[in-house]
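Let me begin by presenting the structure, written as structure tokens, before commenting on it.
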Amino acid sequence: MLSEQKYWNPVLETLDQEKIQRLQLEKFKKIFRWAYDHSKFHRGLYEKAGVTPEDIKTLKDIRRVPTVEKSMMRGIQRKDPFPYGDALCVPLEDVTEFHQTSGTTGQPVYQPDTWQDWEWWSESWAYILWAQGYRPKDRIFFPFGYNVFIAFWTAHYGAEKIGAEVVPGGVLDTQARILKIQELKCTAMMATPTYVLGMAETAKSMGIDPRSLSIRRITCAGEPGASIPATKKRMEEAWNAKVFDHAGATEIGAWSFECEAQSGGLHVNEALFLVEIQDPQTGEYIEEPGRRGKMIITALDRQAQPCIRFDSKDLIEWAPEPCSCGRTFRMIKGGVVGRADDITKVKGVLLAPSAIEEVVRGIDGLADEFEVIVDKVGDIDRITLKVEIIKGREGERKRIETQLKDQLRLKTNLGYNLEFHKYGSLPRYSVKAKRFKDLRGKH
């Protein structure tokens, strides 16, 4: 029976690395040829670089193909064929799905998909869900607004593909969503880490202990929180559920997943994606574990608007050991740890916002929400960290403040201006949170 299978695709998920790489090379040749022949944008890019499909004979040859950045896609869209412009590889009438990026790093990019692409999306999510223990018996609640952002649209269709029951909670507010989960005894849900914690907070305010609900499996995306141990622990304790991470993007696809073994990282779905890691400073390609770099990724089967050697800016590193689950897909250690354009220098020290989150979420007595503001006092950088103490724990402020200062200094090598705000006064988010604000302008 399908439900008894350990892997969604037992052949591809256990293929040895040599065969996986041969498969990736053949798929890359095919998608590269497709884009070269059908996309004015890609053809122009490749001709300028002096590379043709005939030049790709090995995986290392792929590095000759120029990378694409999101800013380049913004420049060609909103033109004929409207609104996608010169990257579109299919007739406009073949496009069946429109989505756009969230716009958190600038003007949104439009993403067209054909029905074949949409099937590819749902297949990639089937790998994810099966690896995380979802089965046809599950009733999965989707507490997100079905908007133009990709969010969990494709997870919805992936859940249907594996035979699970889907409960869409689109227009409901948070309280109504919690009551619907309670009413239908839903077994799983998917949301950003911020909203998972926010729902737990709302449930408690309604007199409902989220641990008493039937949710036992949660998949997160949109933020790095589910790969940050302290944030994962908070979510799991709040809901009495296993929390799994996943990383993907509108313009890329659902490229990675944490499995039930939870070995401290994310599998790259190497049957459908080719991931390369490049040193942001030197441009050197990193093949060994233990060195962090930015991800260059290719979606090997997406056709309407191909994603070929896309510079995602996501910071990742290869894990040193294979996962105990038996999958041969390589893993990235600790998931996506940040973005190359999020890492900022403060007082001469490189700072990753995820390090602050790990500290805040790891201190008992602090609430889930926080905000970081970097500005200048004269010519000197200043970091202000706004936090809340959980209601009823205000008497522990001295202990919390001391612990917070010590851990921030230890984990980030920086001192902070700490502000303690009334519980519930900091902004709450239902989608991607915007907790880090750099007000210094160019620096």
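The values are calculated or read from the model by the stated rules, or taken from the named source; none is laboratory data. Just so it is clear, the model here is predicted, and its values are computed rather than measured. Quick reminder, even Gly has a Cβ in these numbers, built from the backbone with ideal geometry, and neighbours come from all protein chains shown.
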Query raised in the report: From the residues in region 308-345 that are buried (at least 19 other Cβ atoms within 10 Å of the Cβ) and of a type in the set (A, V, I, L, M), which one is farthest from E18 (Cα to Cα)?
Result: V337
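Would you say P289 is over 13 Å from the mean Cα position of the chain (by Cα) and modelled with pLDDT under 95? Quick ask: steps written out before the conclusion?
Working: over 13 Å from the mean Cα position of the chain (by Cα): yes; modelled with pLDDT under 95: no.
It is false that P289 is over 13 Å from the mean Cα position of the chain (by Cα) and modelled with pLDDT under 95.
Go through P112, P136 for me and flag whichever is under 24 Å from the mean Cα position of the chain (by Cα) and farther than 24 Å from T192 by Cβ.
Working: P136 fails: under 24 Å from the mean Cα position of the chain (by Cα).
Checking each option against the conditions leaves just P112.
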Report task. Tally the residues that are of a type in the set (D, E), closer than 20 Å to K422 by Cα and crowded, with 16+ Cβ neighbours inside 10 Å, restricting the search to region 371-400. Result -> 2
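Going through P108, P81 one at a time, which residue ends up being in the same structural domain as I297 (by TED's automatic domain parsing), surrounded by fewer than 21 Cβ atoms within 10 Å (Cβ to Cβ) and more than 23 Å from H156 (Cα to Cα)? Give the derivation first.
Working: P108 fails: more than 23 Å from H156 (Cα to Cα).
Every option except P81 fails the conditions.
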Report task. Quick one: count up the residues across region 20-64 that are touching a Lys or Arg at 6+ places or on another chain (Cβ under 8 Å) and under 15 Å from L274 (Cα atoms). Result -> 3
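Kindly evaluate D438 against the criterion of being in contact with a Ser or Thr (Cβ under 7 Å, 6 or more places away or on another chain) and acidic (D, E).
Numbers: in contact with a Ser or Thr (Cβ under 7 Å, 6 or more places away or on another chain): yes; acidic (D, E): yes.
Yes, satisfied.
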Report task. Just one of (1) closer than 17 Å to P193 by Cβ; (2) acidic (D, E); (3) modelled with pLDDT of 90 or more trips up D381, so point out which. Result -> (1)
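Please tell me if L418 is surrounded by 15 or more Cβ atoms within 10 Å (Cβ to Cβ), touching a residue at least 12 places away in the same chain (Cβ under 8 Å) and part of a loop (DSSP other than H, G, I, E, B). Show your work before the answer.
Details: surrounded by 15 or more Cβ atoms within 10 Å (Cβ to Cβ): yes; touching a residue at least 12 places away in the same chain (Cβ under 8 Å): yes; part of a loop (DSSP other than H, G, I, E, B): no.
In short, no.
Let's see how each residue does on (1) under 21 Å from the mean Cα position of the chain (by Cα); (2) in contact (Cβ under 8 Å) with a residue 12 or more places away in the chain:
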residue	(1), (2)
E358	yes, yes
I363	no, yes
A367	no, yes
I373	no, yes
K376	no, yes
V387	no, yes
G392	no, no
Report task. Could you list, in sequence order, all residues of region 179-190 that are surrounded by fewer than 23 Cβ atoms within 10 Å (Cβ to Cβ) and within 25 Å of the chain's Cα centre (by Cα)? Result -> T187
Query raised in the report: What pairs can you find where one residue is in region 297-319 and closer than 12 Å to W255 by Cα and outside the structural domain of W115 (by TED's automatic domain parsing), the other is surrounded by 24 or more Cβ atoms within 10 Å (Cβ to Cβ) and of a type in the set (A, V, I, L, M), and their Cβ atoms are less than 9 Å apart, with a gap of 6+ or different chains?
Result: none
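Give, as residue ranges, the strands (runs of 3 or more DSSP E) completely inside region 120-200 that count at least 3 residues that are on the phi < 0 side of the Ramachandran plot and touching a residue at least 40 places away in the same chain (Cβ under 8 Å).
Here the list reads 139-142, 188-191.
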Query raised in the report: Quick check, is K434 closer than 30 Å to H267 by Cα, among the basic types (K, R) and at pLDDT below 90?
Result: yes
Report task. Output the residues belonging to region 240-276 that are crowded, with 24+ Cβ neighbours inside 10 Å and farther than 28 Å from F310 by Cα. Result -> V243
Query raised in the report: Which is of a type in the set (D, E), modelled with pLDDT under 95 and either farther than 21 Å from A304 by Cα or outside the structural domain of F257 (by TED's automatic domain parsing) (or both), of E18, E4, E54, E13?
Result: E4
Query raised in the report: In this structure, does K411 turn out to be touching a helix residue (DSSP H, G or I) at 6+ places or on another chain (Cβ under 9 Å), surrounded by fewer than 16 Cβ atoms within 10 Å (Cβ to Cβ) and part of a helix (DSSP H, G or I)?
Result: yes
Report summary line: Expected output for region 261-284 (first residue farther than 16 Å from R339 by Cα and not assigned by TED's automatic domain parsing to the domain that holds E251, partner modelled with pLDDT of 95 or more and part of a loop (DSSP other than H, G, I, E, B), Cβ below 9 Å, 6+ apart or cross-chain) is none
Report summary line: Log entry, pairs with first residue in region 100-116 being at negative phi and of a type outside the set (A, V, I, L, M), second being exposed (fewer than 14 other Cβ atoms within 10 Å of the Cβ) and modelled with pLDDT under 95, beta carbons closer than 8 Å, six or more apart or on different chains, reads T104/K434; T105/D341; Y110/R78
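Just to be sure before I move on: is D61 assigned to a helix (DSSP H, G or I), without any contact (Cβ under 8 Å) to a residue 24 or more places away in the chain, of a type in the set (D, E) and farther than 25 Å from K161 by Cα in the structure I sent?
Working: assigned to a helix (DSSP H, G or I): yes; without any contact (Cβ under 8 Å) to a residue 24 or more places away in the chain: yes; of a type in the set (D, E): yes; farther than 25 Å from K161 by Cα: yes.
Yes; evaluated as a whole, the condition is true for this residue.
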**Report entry** In region 213-237, residue surrounded by the fewest Cβ atoms within 10 Å (Cβ to Cβ) [restricted to those that are modelled with pLDDT of 95 or more and of a type in the set (D, E)]
**Finding:** E237
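Select from region 64-84 the residues that are assigned to a helix (DSSP H, G or I) and at pLDDT 95 or above and list them in ascending order.
Going residue by residue through region 64-84, those that are assigned to a helix (DSSP H, G or I) are 64, 70-76.
Hit for region 64-84 is R64, nothing else.
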Query raised in the report: Name the residues in region 322-351 that are free of Cβ contacts under 8 Å to residues at least 24 places away in the same chain and either among the aliphatic types (A, V, I, L, M) or in the same structural domain as Q132 (by TED's automatic domain parsing) (or both), would you?
Result: P322, L350
